[in-house]
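Accompanying notes for the structure given below.
Readers should treat all values here as calculations from the given coordinates under stated rules, not as data from a laboratory. Here the structure is a predicted model, which is why all the values come from computation and not from measurement. Glycine also receives a Cβ, built like all others from the backbone with ideal geometry; neighbour counts cover every protein chain displayed.
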Amino acid sequence: MKCFFTDNAITVYTDGSVVPCCRFVSTELEYNIQNIEPTKSLVDIKNSDTFLKVKNDLTNNIWPSGCKRCKRDEQLGISSRRQIYNENHFKKRVRVADIAIGNFCNLKCIMCNSFCSTQWVNDEKMLLENGIGHQQNSFNKIISNESIDKIIDWIESEETAVEVEIKGGEPLALPNSKYLFERLSSVKNNITVVLTTNGTFFPDWFPQMCEKIKIYMSLSIDGINEVYDYVRGSEKYSYELFYNNVQKFLKLPLVRINFNYVVQNTNIHHLKLCTEIFNDKFVNVIFLNNPKWLQLWNMPEESKAAIKEDLNTIPKSYLKYYKIDAVIKNIDNPCNKEEYSTFIKFSALLDKSRNKNLPVIAPHLFTKDSLDEYNKYRYT
Ligand code: SF4
Ligand code: SF4
């Protein structure tokens with residue numbers, strides 16, 4: 001097996017750790033994962049034992065423990081990050097720098113956690129006190145301008161075109177984004193930026209950068225109207241605000257805009273609606289790794305047929321990589337009793353904390369018994 005990332009990419013996580021790609025599970029690996037802040041150079045990290053071991057294992061057809069997400073996707077018949085990039089990137093002679101520039105986010109999406117969003121710290125603690133989830137190493141990190149300079153040095157050391165993937169937290173809300181974009185606008189390489197944003201910020205410096213750099217924008221959406229607001233967990237940053245910003249982004253000289261939809265039991269019934277509203281843009285389906293209780297199969301069996309029927313009417317041209325068959329295959333897995341029970345308790349406790357009400361947003365996710373269970377945790 002080969003993987004594009006082992007030779008051609010660096011990825012910086014929100015906590016500053018540097019790994020081969022964003023699907024890599026650094027906690028699974030016994031190696032010494034290094035951090036961007038104390039290191040002198042990303043070239044040194046790229047040549048370190050960790051990177052070499054991952055490459056050697058894959059070459060010898062051994063799945064490294066850090067690569068278990070690709071392994072799982074390939075076993076489920078979903079295109080893995082390894083397969084997608086192997087197919088598209090080897091022939092391009094390009095490098096990839098995947099940068100999460102900090103974990104500050106203004107939202108607290110139900111499937112997220114404190115590693116990616118600072119807004120999750122309190123709810124995570126509350127859930128843990130109620131026996132749900134596991135202790136995260138909470139931190140509040142924005143990578144420094146000096147670290148951004150190290151990334152620029154790595155990019156300039158590669159004499160190729162470079163794709164820079166920028167993520168957060170929420171990158172357009174982070175103060176160091178402007179510095180990163182400014183530095184990127186003056187490097188000698190041929191640069192394209194893939195910006196993943198939740199679309200709730202429209203900084204005044206951003207339009208100017210779109211004139212200088214080729215930017216592909218991926219807007220995360222995950223629902224329409226009340227489902228969007230439920231998944232996002234915010235009163236202030238509503239679907240209406242997001243939609244208005246989308247209209248502004250559409251007027252910018254971006255290379256392309258697409259939408260990322262993380263499919264889960266709470267929002268799968270809105271996927272078709274999303275493709276209808278944004279029907280001239282790609283809606284890219286993303287599968288959830290964790291938490292397990294939000295997986296597509298965790299809903300009453302009697303609710304699945306109507307959802308699958310609806311999904312089957314989505315024209316395949318709207319969905320990037322034609323993943324709808326894999327979505328349906330996931331729904332078809334039997335509902336896991338233990339995960340579904342955790343889902344009910346999780347939703348009730350989160351709704352109590354956020355003043356939300358899932359049975360009103362998605363009544364099809366409940367049976368009579370699970371609604372009683374939900375009400376027990378929600379209102380006591
Ligand atoms: S196999 Fe997958 S997880 Fe491992 S480095 Fe490649 S893309 Fe990343
Ligand atoms: S927008 Fe992204 S980083 Fe922010 S809470 Fe949602 S999933 Fe997490």
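Placing +1 on each Lys and Arg Cβ and -1 on each Asp and Glu Cβ, with no other charges, gives segment 63-113 a dipole about its Cα centre of roughly 140 debye.
Judged by the gyration tensor of its Cα atoms, with axes a ≥ b ≥ c, segment 233-367 is oblate; a/c meets the 1.5 cut and b/c is at least as large as a/b. Neighbour counts of C-beta atoms inside 10 Å place T380, T275 in the sequence T380, T275, starting with the fewest. Dimensions of segment 305-380 along the principal axes, based on C-alpha atoms and rounded to the nearest Å, stand at 47, 25, 19, largest first. With respect to the chain, whose longest principal axis is taken over its alpha-carbon atoms, helix 49-59 is tilted by about 70°.
Between E159 and N61, residue separation times 0.36 nm minus the direct Cα-Cα distance comes to 32.3 nm. About its Cα centre, the dipole of segment 18-120 is roughly 380 debye, where the only charges are +1 on Lys and Arg Cβ and -1 on Asp and Glu Cβ. Apply the a/c threshold of 1.5 to the C-alpha gyration tensor of segment 1-111 and tell me whether it is rounded, prolate or oblate. Judged from the Cα gyration tensor, segment 1-111 comes out rounded (a/c under 1.5). Set the bar at 20 Å for Cα to Cα. Now go through K68/K141; K125/K292; K92/K178; K2/K53; K272/K316; K292/K329 and name every pair that lies beyond it. Pairs exceeding 20 Å: K68/K141; K92/K178. Using Cβ point charges alone (K and R +1, D and E -1), the dipole size of segment 246-351 about the Cα centre works out to roughly 540 debye.
Taking other C-beta atoms within 10 angstrom as a stand-in for reagent exposure, K141, K167 fall in the order K141, K167, fewest first. Each of N357, Y318, N333 was placed along the dipole of segment 315-365 (beta-carbon charges, centred on the mean Cα), and the one lying farthest toward the positive end is Y318.
The slack between N190 and K178, meaning 0.36 nm per residue of separation minus the straight C-alpha distance, is 2.4 nm. Cβ crowding within 10 Å, taken as a proxy for footprinting-reagent exposure, orders I331, I221 from fewest neighbours to most as I331, I221.
Taking only DSSP H segments of four or more residues, each worth -39500 (n - 2.57), what value at 222 nm results for the chain once the sum is divided by all its residues, to the nearest 500 deg cm²/dmol? Walk me through the numbers before you get to the answer.
Values: 17 runs with 155 residues, N = 380.
Taking each H run of at least 4 residues, the total per residue is -11500 deg cm²/dmol.
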